[in-house]
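Participant: Pasting a structure below so you can have a look.
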Amino acid sequence: MTAYVIADIKMQDPKWVPAYAASVHDLVHKHGGKYLSRSGNVTTLEGMPLDTTLIALMAFPSEAAARAFTSDPAYAPFVSARQDGSDSRFQLIDD
């Protein structure tokens, strides 16, 4: 069953972004995932707007694959850098 990860990020210090963007794409693919969308062009259609710099939407073949991506030891230094330079929230949705 397809599982989706929504990354909601408010940038504080963007110095982490170049290394993250250059490497994390391959880690997503390693776990069978793909990016469906990554954009800073976020428009709220209903309700209070989120204080968000960018949102990414990823699809994985299963919840287990999504969790394997987020817990991959190779991803850990990128998570740390992202958390140091942003307020971020990753959410998992399964079909």
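Participant: Quick one: is Thr52 out of contact with any Asp or Glu (no Cβ under 7 Å at 6 or more places or on another chain), assigned to a loop (DSSP other than H, G, I, E, B), among the β-branched types (Val, Ile, Thr) and over 14 Å from Leu92 (Cα atoms)? Please lay out each step first, then the result.
Facilitator: Numbers: out of contact with any Asp or Glu (no Cβ under 7 Å at 6 or more places or on another chain): no; assigned to a loop (DSSP other than H, G, I, E, B): yes; among the β-branched types (Val, Ile, Thr): yes; over 14 Å from Leu92 (Cα atoms): yes.
So Thr52 fails the test.
Participant: Further question: Only residues that are more than 14 Å from the chain's Cα centre (by Cα), modelled with pLDDT of 95 or more and either surrounded by 14 or more Cβ atoms within 10 Å (Cβ to Cβ) or within 20 Å of Gly85 (Cβ to Cβ) (or both): list them for region 20-50, please.
Facilitator: Selection gives Lys30, Gly32.
Participant: Moving on to the next point. Find the residue count for region 56-69, including only residues that are in contact (Cβ under 8 Å) with a residue 40 or more places away in the chain, under 14 Å from the mean Cα position of the chain (by Cα) and surrounded by fewer than 17 Cβ atoms within 10 Å (Cβ to Cβ).
Facilitator: Residues that pass the stated criteria total 1.
Participant: Among the residues of region 7-49, how many are assigned to a loop (DSSP other than H, G, I, E, B) and either among the aliphatic types (A, V, I, L, M) or in contact with a helix residue (DSSP H, G or I) (Cβ under 7 Å, 6 or more places away or on another chain) (or both)?
Facilitator: Of region 7-49, the ones assigned to a loop (DSSP other than H, G, I, E, B) are 12-13, 31-33, 40-49.
Filter once more, so that each one left must be either among the aliphatic types (A, V, I, L, M) or in contact with a helix residue (DSSP H, G or I) (Cβ under 7 Å, 6 or more places away or on another chain) (or both): 12-13, 31-33, 42, 45, 48.
The number of residues fulfilling the criteria is 8.
The values are calculated or read from the model by the stated rules, or taken from the named source; none is laboratory data. In this text, all values refer to a predicted model and were calculated from it rather than measured experimentally. All Cβ positions, even for glycine, are placed from backbone atoms using ideal geometry, and neighbour counts span all protein chains on display.
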